[in-house]
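Heads up, the thing below is written out as structure tokens.
Laboratory data are not the source of any read-out in this text; all were calculated from the coordinates shown. Keep in mind that what you see is a predicted model, and the values were worked out from it rather than measured. As a convention, Cβ positions derive from the backbone with ideal geometry for all residues, glycine included, and neighbour counts pool all protein chains shown.
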Amino acid sequence: MIPSKRNTSQKTRSQKGTLAIVGLLFLLSAMFRLATEAGQVVAEELKPAEETSEAEDEFASLNSPDLARPEHLTKALKAIQDREARLKEREMEMEKREQSVIAAENAIRDELKKLERAEESLQETLTLAAEAAENDISQLTDVYSNMKPKDAAALFEQMEASFAAGFLFRMPADSAARVMAGLTPEKAYLISVELAGRNADIPLE
């Protein structure tokens, strides 16, 4: 069947809809990966505190630490140093996690930009192909319209009814009428059914 302008428009909208669905699935996948990275960071934050070091345990075991006593002061300083070391290690780990999340966000943005460029390129290709097909069909329709009705009818008699209806639908009404008049009653009926079916789904209100 020769596609009408309406069919071509519907096909283009369907293709754009497919691209939108693919883009949405890709975006959801990227958001899931980002949420996973962020969830790992939050989980790390909510982990129970690590076990204290031996120096901290030893210092905590003192009933009444007297910082004036050298041994107590040494234990206190050691406990503080161990605590600071663990906090620093923890901070470095969090920075690495943050960098991972940032890297994931950047990767998502890059992939989305690539998808947008690919969609634009595909849409341009589809538009060019649709325009080329439309031009070819229009030129062929003009050829049939300018032929002698008897000769055009002989050609349309050999076509499939749906194929012939596509051209007759585009031809000027007077040219189409002369071609239909030259067809056999059986062929004219089949083509008429095809033409009537094209508008069957149009709402009346």
**OP:** Estimate the FRET efficiency between E111 and L87 by the formula 1/(1 + (r/R0)^6), using the beta-carbon distance for r and 41 Å for R0, to the nearest 0.05.
**Re:** 0.70
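How large is the Kirkwood hydrodynamic radius of the range 147-199, counting all unique pairs of alpha carbons, in Å? Let's see the in-between values first.
Details: mean 1/r = 0.0942 Å⁻¹.
Computed over the range 147-199, the radius equals 10.6 Å.
Place the peptides 85-91, 176-182 in order of packing, highest mean first, counting for every residue the other Cβ atoms within 10 Å and averaging per peptide. Don't jump to the answer; show the numbers that get you there.
On the way: 85-91: 11.9, 176-182: 18.1.
Packing proxy ranking, top to bottom: 176-182, 85-91.
Express in % the proportion of alpha carbon pairs of the range 91-205 at distances exceeding 22 Å. All intermediate terms of the calculation are to be shown ahead of the outcome.
On the way: 3809 of 6555 pairs.
Counting every Cα pair in the range 91-205, those more than 22 Å apart make up 58 percent.
Quick one: putting +1 on the C-beta of Lys and Arg, -1 on the C-beta of Asp and Glu, what dipole do you get for the range 147-199 around its Cα centre, in Debye to the nearest 20? Present the calculation step by step, with values, prior to reporting the outcome.
Values: 6 positive and 6 negative charges, 32 e Å.
For the range 147-199, the charge dipole is close to 160 debye.
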